[in-house]
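What follows draws every value from the coordinates through simple rules; no lab data is involved. What you are looking at is a predicted structure, and each value in this text was computed from that prediction instead of being measured. Positions of Cβ are generated from backbone atoms using ideal geometry, with glycine treated the same way; all protein chains shown enter the neighbour counts.
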Amino acid sequence: MMNTKRVISTIEKNYILNNLRKEERIDGRGLWEYRDWTVKPDVITSAEGSADVTLGDTRIITGLKYDVGTPFPDLPEEGVCTFMAELLPLASPIFERGPPSEQSIELARVVDRGIRHADCVQTKKLCIKANKAVYILFVDLYVINYSGNLIDVGGISSLTTLISSHIPEGKWVDDQIEWTGKYLTGETIVNELPIVTTYGKIGDVIFLDPTLPEELVCDGKISISVTEDKIVSIQKSGLATFSLEEINMLTKKSMEMGKKLRKELNLWQYKVKI
Amino acid sequence: MPLIIKDEYPEKLFREDGKRLDGRDKHELRPIKMEVGVLKNADGSAYLEWGNNKIFCAVYGPRDVHPHYLAKPDKGILRVFYRMATFSVFDRKRPAPGRREKEISMVLGDCLEPLLFLELYPGNSFEVFINVMDADGGTRCACVTAAALALADAGVPMRSLVTAVAVGKIDGELVTDLSGIEDKAGDADLPCAITWFNEEISLLQFDGSMDLKEFDEVLTLAKNALIKIHEIQLNTLKNKYIAIQEEYSGGENKK
């Protein structure tokens with residue numbers, strides 16, 4: 001068992017920091033390298049879309065369920081896509097059971113904002129009948145093992161879930177829904193692929209994909225979501241402050257990393273054929 | 001992938017050729033896959049795939065009791081938390097734990113506690129977290145089986161393992177290991193567990209109707225199935241150590 005604690009000794013903190021100053025990481029990576037990704041789509045039989053994504057030892061299983069409900073009055077032709085995250089106590093001894101913690105709410109909200117502002121989910125395609133019936137999608141993230149950088153894994157996990165989704169198609173006939181026997185698949189629902197990348201900052205050193213010990217000692221983090229040509233969402237968390245130059249450097253870096261990840265992971269290969 | 005839109009029950013639970021809807025014989029188990037040590041941050045862990053059931057289980061302990069007033073001065077406590085993922089069932093489950101989950105947590109706790117030497121750990125707790133990621137009937141049995149593995153993986157002293165299976169009656173016939181649809185549409189469902197140190201039943205629930213003769217028979221069926229599953233459990237635990245042994249001796253041989 002890894003001895004996971006909320007605090008880390010000064011010696012270990014200095015060790016991590018001194019390595020970072022030399023542009024080295026304690027696990028041997030460079031400053032701008034990710035740990036290894038594995039992506040498995042459609043792992044849950046009961047869900048209408050799912051993914052099991054790992055980044056190093058961090059692992060998130062995400063599933064999608066749908067419901068049919070009435071649309072919001074101001075958006076009568078648009079479906080709804082909601083995100084929830086749960087930090088399971090089995091993922092780490094520092095996670096407690098009970099109502100959602102700040103960390104789990106932040107995870108769900110940052111993933112949600114990245115996807116919402118990127119025009120990723122085509123909410124208009126989720127409409128069965130304007131003002132009457134739309135699909136409500138629930139994308140639920142379950143953290144199975146925590147080893148740092150939940151947000152990036154959550155982002156890829158949610159995208160894979162949406163791409164691998166297959167929701168029964170309904171038509172509005174005689175004031176009620178009739179199921180056509182066909183499916184709405186991820187290919188129809190998903191448009192853009194926003195990629196969220198998270199950077200940690202310790203002292204004046206910034207690096208990609210913080211691991212758990214790095215997260216515990218770092219002053220703060222910044223998560224940037226990008227589509228192919230735009231920045232769509234940023235979240236700075238923790239006590240660190242970033243200079244204007246650093247922010248500019250990181251937004252450029254995010255575009256670069258986004259392009260690289262999109263190509264490397266090739267998420268569109270996980271769309272289902274029905 | 002669900003092919004039906006409504007959660008409808010079929011009229012018959014046996015096919016024309018006398019097999020069950022998923023192609024099994026009456027007393028055939030679904031495929032079972034077990035792994036231990038899958039979660040790095042837990043003291044012990046297990047992953048179980050039983051048909052379409054997918055279950056993660058983690059054990060922490062012995063550790064301090066939190067909240068502190070639950071601690072007992074004369075013995076340790078065992079707390080079990082059974083939770084289902086929102087997407088593990090046909091209709092999305094609400095994220096907060098419901099009455100069913102709390103009851104099953106208690107039943108599982110009562111089933112596992114006889115295995116442990118809690119009197120050796122006064123003031124401490126063992127916590128077992130079980131998360132059902134995908135459910136298809138017989139999850140509580142699968143959870144007991146997985147929890148026993150995770151406790152053993154954590155190195156918690158145990159009298160023996162415990163193994164559980166559901167037996168029951170569908171369309172008037174006694175069968176072993178009910179699937180989700182057989183559980184809902186069948187006539188009777190009997191989850192039971194055996195603790196192997198005394199070969200006695202430590203979990204028993206029953207819903208449905210059966211006459212005395214059938215009931216006699218069904219428990220024998222359960223025991224036959226449990227012996228097979230126990231074998232898989234033992235092999236899973238042994239394989240973990242065989243793998244470690246091979247890793248080290250393999251290194252020596254190369255020298």
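Filter region A:53-89 down to the residues that are closer than 18 Å to A:Val190 by Cβ and among the aromatic types (Phe, Trp, Tyr) and list them by number. Reasoning before the result, please.
Taking region A:53-89 as the starting set, the residues that turn out to be closer than 18 Å to A:Val190 by Cβ are A:53, A:62-66, A:78-83.
Listed by number, the residues that qualify are A:Tyr66, A:Phe83.
If A:Tyr142 passes every condition in (1) surrounded by 24 or more Cβ atoms within 10 Å (Cβ to Cβ); (2) in a strand (DSSP E or B); (3) more than 10 Å from chain B (Cβ to nearest Cβ) but one, which one does it miss?
Against the list (1) surrounded by 24 or more Cβ atoms within 10 Å (Cβ to Cβ); (2) in a strand (DSSP E or B); (3) more than 10 Å from chain B (Cβ to nearest Cβ), A:Tyr142 comes up short only on (3).
Among the residues of region B:93-133, write down those that are of a type in the set (D, E, K, R) and crowded, with 23+ Cβ neighbours inside 10 Å. It would help to see each step written out before you state the result.
So the first thing to find is which residues in region B:93-133 are of a type in the set (D, E, K, R), and the list is B:93-94, B:99-103, B:110, B:113, B:119, B:127.
The one that is of a type in the set (D, E, K, R) and crowded, with 23+ Cβ neighbours inside 10 Å: B:Glu127.
Sort through A:Thr45, A:Thr58 and tell me the only one that's surrounded by 16 or more Cβ atoms within 10 Å (Cβ to Cβ), among the hydroxyl-bearing types (Ser, Thr, Tyr) and over 21 Å from the mean Cα position of the chain (by Cα).
Answer to the selection: A:Thr45.
Quickly run through region B:60-111 and pick out the residues that are of a type in the set (Ser, Thr, Tyr) and in contact (Cβ under 8 Å) with a residue 24 or more places away in the chain. Steps first, please.
Quick first cut of region B:60-111, residues of a type in the set (Ser, Thr, Tyr) only: B:60, B:69, B:82, B:86, B:88, B:105.
Within region B:60-111, B:Tyr60, B:Tyr82, B:Ser88, B:Ser105 qualify.
How many residues does region B:149-192 hold that are under 13 Å from B:Val218 (Cα atoms) and within 14 Å of the chain's Cα centre (by Cα)?
Selection size over region B:149-192: 8.
Being within 14 Å of chain B (Cβ to nearest Cβ) and part of a loop (DSSP other than H, G, I, E, B) is the filter here; which residues of region A:163-204 pass it?
A:Ser164, A:Ser165
Spot the failing condition for B:Met133; the list is (1) of a type outside the set (Ser, Thr, Tyr); (2) assigned to a strand (DSSP E or B); (3) over 16 Å from B:Asn53 (Cβ atoms); (4) facing chain A (nearest Cβ under 10 Å), and only one is missed.
Answer for B:Met133: the failing condition is (3).
Just to be sure before I move on: is A:Ile231 surrounded by 19 or more Cβ atoms within 10 Å (Cβ to Cβ), β-branched (Val, Ile, Thr) and either touching a residue at least 12 places away in the same chain (Cβ under 8 Å) or over 23 Å from A:Asp57 (Cβ atoms) (or both) in the structure I sent?
Working: surrounded by 19 or more Cβ atoms within 10 Å (Cβ to Cβ): no; β-branched (Val, Ile, Thr): yes; either touching a residue at least 12 places away in the same chain (Cβ under 8 Å) or over 23 Å from A:Asp57 (Cβ atoms) (or both): yes.
So A:Ile231 fails the test.
If B:Leu112 passes every condition in (1) in a loop (DSSP other than H, G, I, E, B); (2) more than 14 Å from chain A (Cβ to nearest Cβ) but one, which one does it miss?
Against the list (1) in a loop (DSSP other than H, G, I, E, B); (2) more than 14 Å from chain A (Cβ to nearest Cβ), B:Leu112 comes up short only on (1).
For region B:196-216, give me each residue that is more than 18 Å from B:Cys111 (Cα to Cα) and exposed (fewer than 12 other Cβ atoms within 10 Å of the Cβ).
B:Ser209, B:Asp211, B:Leu212, B:Lys213, B:Asp216
Of A:Glu215, A:Glu228, which residue is of a type outside the set (Gly, Ala, Ser) and part of a loop (DSSP other than H, G, I, E, B)? Even if it seems obvious, please write down each step before you answer.
Numbers: A:Glu215 fails: part of a loop (DSSP other than H, G, I, E, B).
From the options A:Glu215, A:Glu228, the qualifying one is A:Glu228.
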